[in-house]
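Contents: one structure, followed by commentary.
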Amino acid sequence: MNSWAITIGGLFLLAGGWTLAGSFLVQEELARVPRMTCDQLAGNGPPADRLVTLTDVRPCSRGFVAARVDHSLDLYVPAYPAGLGQEPEPPDLAFLLQVWDNDERHRLMEQPGPVDVTCEVHRPARVVKICRGPGQIEEWARDGLQKKYPGIRIANVWVLTVGHGGTPTAELARSGLRYGIGELLIGGAVLGWGALRARRPGRQTAPLGSGPLDPANGRTSG
């Protein structure tokens, strides 16, 4: 088998195994995160590590504010418990999604119904010039939210930060599973192709004679 096929196929297999292992670890972490409703969070507060999975979050309908900061997404949209049925008025909003992951943005904003959100929870929100961590809201975001949601009390909301650091999410686990399986398939295909190439018989070439040319039949003699 060609050495390059072994190298490339082996690397893809190693990468696929590593990616799948990471996906399983994310699933295990996610299973340990407490699940609760927005009302339970408001009543009991978050656990010590501030990680929770909220089961009834619905983004508000008046829109979001967002920017690309250092090539990463920074999006804010108020939210409310889906069980309320009707969206609260801005002064009564108690939750604010702070989204730092593009895949999670699509999932949150394109789902018609309530969604599960694994997030890091902070309260009260801190308004800053430059955000350096979860729960901090930059001034441009505060100003934009106050225009879309007049009367919103930024200082009193629970900030639900999605996509920070190694926060385990269902989308992260699914993505790792897809990529891991794909890498394993590619690695197996490369090794299989290399094995087929190794078993293919080579072309046989008859050696030419080395004697003088016989003019009668055009062949070399000797």
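The values are calculated or read from the model by the stated rules, or taken from the named source; none is laboratory data. Keep in mind the model is a prediction, meaning the values are calculated, not measured. All Cβ positions, glycine included, derive from the backbone under ideal geometry; neighbour counts span all protein chains shown.
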Which one of 129, 147 is loosely packed, with under 14 Cβ neighbours inside 10 Å, within 18 Å of residue 59 (Cβ to Cβ) and of a type in the set (D, E, K, R)?
147
Looking at residue 88, is it touching a helix residue (DSSP H, G or I) at 6+ places or on another chain (Cβ under 7 Å), in the same structural domain as residue 44 (by TED's automatic domain parsing), free of Cβ contacts under 8 Å to residues at least 60 places away in the same chain and at negative phi?
no
Do we have any residue at all in segment 100-112 that's at pLDDT 90 or above and either outside the structural domain of residue 154 (by TED's automatic domain parsing) or outside any strand (DSSP E or B) (or both)?
no
Going by the structure shown, is residue 127 of a type in the set (A, V, I, L, M, F, W, C), farther than 26 Å from residue 29 by Cβ and outside any helix (DSSP H, G or I)?
yes
Note down all Cβ pairs under 9 Å where the first residue falls in segment 131-145 and is touching a residue at least 24 places away in the same chain (Cβ under 8 Å), the second is outside any loop (DSSP other than H, G, I, E, B) and basic (Lys, Arg), and they're at least six residues apart or on different chains.
135/126; 137/126
Among residues belonging to segment 64-90 that are part of a strand (DSSP E or B) and surrounded by fewer than 15 Cβ atoms within 10 Å (Cβ to Cβ), point out the one that is modelled with the highest pLDDT.
67
Restricting to segment 134-168, give me the number of residues that are part of a loop (DSSP other than H, G, I, E, B) and at negative phi.
10
With the condition kept exactly as written, say whether any residue in segment 165-178 is over 30 Å from residue 37 (Cα atoms), modelled with pLDDT of 55 or more and either of a type outside the set (Phe, Trp, Tyr) or touching a Pro at 6+ places or on another chain (Cβ under 6 Å) (or both).
no
Which numbered condition trips up residue 61, out of (1) part of a loop (DSSP other than H, G, I, E, B); (2) surrounded by fewer than 16 Cβ atoms within 10 Å (Cβ to Cβ); (3) in contact with a strand residue (DSSP E or B) (Cβ under 9 Å, 6 or more places away or on another chain)?
(3)
Going by the conditions given, is residue 93 surrounded by 15 or more Cβ atoms within 10 Å (Cβ to Cβ), more than 26 Å from residue 151 (Cα to Cα) and hydrophobic (A, V, I, L, M, F, W, C)?
no
Of the numbered conditions (1) at pLDDT below 90; (2) at negative phi; (3) not assigned by TED's automatic domain parsing to the domain that holds residue 180, residue 9 fails exactly one; give the number of that condition.
(3)
Here's a check for you: in segment 18-37, which residue that is modelled with pLDDT of 80 or more and surrounded by fewer than 16 Cβ atoms within 10 Å (Cβ to Cβ) is nearest to residue 186 (Cα to Cα)?
32
